[in-house]
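To start, the structure under review is shown below, and the notes come after it.
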Amino acid sequence: MEHRVATSRARVFASTSGGADLSDLSGPFLMALLGGAECEAEELLRGARSRGADTALLVRDLVVPALAEVGRMWARGEVSVAEEHLATALATRVVARSAGSATRPAGPGRPRILLACLAGEFHDVGIRLLSDVARESGWEAESLGANVPRESLVRFVAQRRPTALALSVSLAEHVPEAARTIAEARAAVPGLTILVGGRAFCKDVDRVPLTGADAGLCDAVAFRDWLRTRAAEAKRDSAAPDGAPAATSLPAEMPASLRRRCSHPR
Ligand code: B12
């Protein structure tokens, strides 16, 4: 289920509750992360999946609350930086493995999303998890990680021409940098669909229109729902009326020999 807030230039989506109830798994999942108990964390994710949860729901209802709690414990001095790092690394690993088992192999003609953190933005756990959500939702996903310099990001977008660009912003002071990045990306690739998300917007949805993005999304379930809708639209749009082969997702500048190797179905 989705909650939509209309703003003057962009739409902001946040999912409302719904889906399998995972509340009884939250405590054990947090304990598994803090204890470095990887097998136990995986087993809990398997249990959640057996109740019908997909990666988006696992991220929204188990992983994000657990990491937020780890953050609060760290702020209170109850866990060390090392323990926080262990928990974060373990969480992203087990989600990636769990999502991998539910993801179909990539193929030509799929929509592609490029995810990145802005220059100066080091909170990259969100986009790592969202990449898994995107793949499970039938998209190809490339994540550039933390602190991507604007110029490099814009050049990369112009070369790769993804279906959509997703920018993550945790700190409110990075909103002006988001606006600059989006303006430059749009100048380089007119018509590119651009999403923003992260704590900077979830705390204040009025910041989304300041960036010039097409939409702001607050959590993994809203992201999954947006991807599914957009994939269906892209499929409709790209249905070649004259039987022309679907465009591949490989960059145009890739050498022909490499293109042939990469085009083989995996
Ligand atoms: C781990 C962490 C760090 C790590 C980051 C490591 C890493 N590789 O990511 C380190 C130590 C580097 C760090 C640094 C800092 N941090 Co910090 N950090 C956290 C912490 C504990 C967890 C963040 C996290 O990973 N959450 C889990 C992920 C999955 O959640 P998420 O990022 O919100 O992503 C979800 C959604 O927001 C959304 N989403 C995110 N991006 C996108 C993008 C799109 C397109 C979409 C659709 C959705 C979307 O989907 C994700 C999944 O649902 C939080 C505390 C907390 N309670 O969250 C503070 C927190 C985010 N940090 C904070 C601060 C202030 C800082 C520092 C300034 C601290 C300092 N004084 O140095 C620096 C800034 C560094 C920088 N320039 O970026 C504040 C931010 C406050 C604010 N928003 O105003 C927080 C909230 C702590 C606090 N309560 O004060 N931090």
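The values are calculated or read from the model by the stated rules, or taken from the named source; none is laboratory data. From a predicted model like this one, the values you see are computed outputs, not experimental measurements. Here the Cβ is made from the backbone with ideal geometry for all residues, glycine too, and neighbour counts use every protein chain on show. These accessible areas exclude ligands, DNA and RNA; they are computed on the full protein's heavy atoms, side chains included. Shrake-Rupley method; radii C 1.70, N 1.55, O 1.52, S 1.80 Å.
Summary of computed values
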item: Filter result for GLY107 (within 16 Å of the ligand (Cβ to nearest atom) and at pLDDT below 95); result: no
item: Scan of the range 87-100 for residues that are more than 10 Å from the ligand (Cβ to nearest atom) and either of a type outside the set (A, V, I, L, M, F, W, C) or modelled with pLDDT of 95 or more (or both), ordered by number; result: LEU90, ARG93, VAL94, ARG97, SER98, GLY100
item: Residues satisfying the stated conditions in the range 149-173, i.e. on the phi < 0 side of the Ramachandran plot and either charged (D, E, K, R) or without any contact (Cβ under 8 Å) to a residue 24 or more places away in the chain (or both); result: ARG150, GLU151, SER152, ARG155, ARG160, GLU173
item: Listing of helices (runs of 4 or more DSSP H) fully contained in the range 116-199 that carry 3 or more residues being more than 14 Å from the ligand (Cβ to nearest atom); result: 150-160, 175-188
item: Candidate set from the range 207-242 (those that are more than 23 Å from VAL157 (Cα to Cα), within 15 Å of the ligand (Cβ to nearest atom) and among the charged types (D, E, K, R)); member that is most open to solvent (accessible area, probe 1.4 Å); result: ARG207
item: Count of the range 50-70 residues which are open to solvent by 30 Å² or more (accessible area, probe 1.4 Å) and within 12 Å of the ligand (Cβ to nearest atom); result: 7
item: Residue list for the range 232-254, filter: small (Gly, Ala, Ser) and either modelled with pLDDT of 85 or more or in a loop (DSSP other than H, G, I, E, B) (or both); result: ALA239, ALA240, GLY243, ALA244, ALA246, ALA247, SER249, ALA252
